[in-house]
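Written below as structure tokens is the structure these notes are about.
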Amino acid sequence: MFTLDNRLESDSAYVCDLTLCQVRLMNDKHYPWIILIPKVGGIREIYELSLSDQQQLMKESSKVSRILSEYTNADKMNVAALGNLVPQLHIHHIARFESDVAWPGPVWGVVNAEPYSQTALSDRVGALAELLSGSM
């Protein structure tokens, strides 16, 4: 049974559900940052998913990367499944810019997360949900 990790829930906002994954926006206005969480209970690693779910994850990850890149006009997309602090399988999709505070290094630990205003968060979630609602 799928249950969202409490830290993922508290650090992000629900955007939509895709076929396999829940899509969430990290609440950090420094970086446009989406995470995909497969709605499969007890999964920590990609290889633990069935082959068909692995293929679906790749389709959804590619779609999210393309849409986030186009939506933000990113210089580069960073995509990673780290999970050192939160073991539940989740894939980070971070739009990066040569002008962002962490460029060219990783985003973790450079500056503290700064939440979106409620209006900005609502607007960004709405826009992303609309863009992602198209067919796979």
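Quick rundown of the values:
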quantity: Rounded, prolate or oblate (a/c below 1.5 giving rounded, otherwise prolate when a/b exceeds b/c) for region 66-136 by Cα gyration tensor; calculated: rounded
quantity: Using θ = phi - 60° and Karplus 6.51 cos²θ - 1.76 cosθ + 1.60, couplings along region 106-122 (whole Hz; Gly, Pro as x); calculated: x, 7, 6, x, 7, 9, 5, 4, 10, x, 5, 5, 4, 5, 5, 5, 4
quantity: Long-range amide H partners of CYS16 with built H, under 5 Å; calculated: VAL23
quantity: In region 20-90, trypsin sites (Lys or Arg not before Pro) in a DSSP loop with at most 14 other beta-carbon atoms within 10 Å; calculated: ARG44
quantity: Angle in degrees between helix 51-72 and the longest Cα principal axis of the chain, rounded to the nearest 10; calculated: 20 degrees
quantity: Local electrostatic count, CYS21, Cβ distance below 12 Å [Lys/Arg +1, Asp/Glu -1]; calculated: +1
quantity: Whole-Å semi-axes of the ellipsoid equivalent to region 1-95 (Cα gyration tensor, √5λ, descending); calculated: 20, 16, 11
quantity: Longest DSSP-loop-exposure-free segment, GluC sites (Glu not before Pro), the chain, at most 12 other Cβ within 10 Å; calculated: 46-97
quantity: Heavy-atom accessible area per residue - the chain, 1.4 Å, Å²; calculated: 55 Å²
quantity: Reachable aspartates and glutamates, given that their alpha-carbon falls under 19 Å from the alpha-carbon of LYS39 and they are not under 8 places away in the same chain; calculated: ASP5, GLU9, ASP11, ASP17, GLU48, ASP53, GLU60
quantity: Gaussian network model of the chain, springs between alpha carbon atoms under 10 Å - residue of ASP17, ASP53, ASP75 with greatest fluctuation; calculated: ASP75
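The values are calculated or read from the model by the stated rules, or taken from the named source; none is laboratory data. Note that the structure is a prediction, hence the values are computed from the model and not measured. FYI the Cβ positions are ideal-geometry reconstructions off the backbone, even for glycines, and counts take in every protein chain you see. Keep in mind that these areas ignore ligands, DNA and RNA; they rest on the heavy atoms of the full protein, side chains included. Shrake-Rupley method; radii C 1.70, N 1.55, O 1.52, S 1.80 Å.
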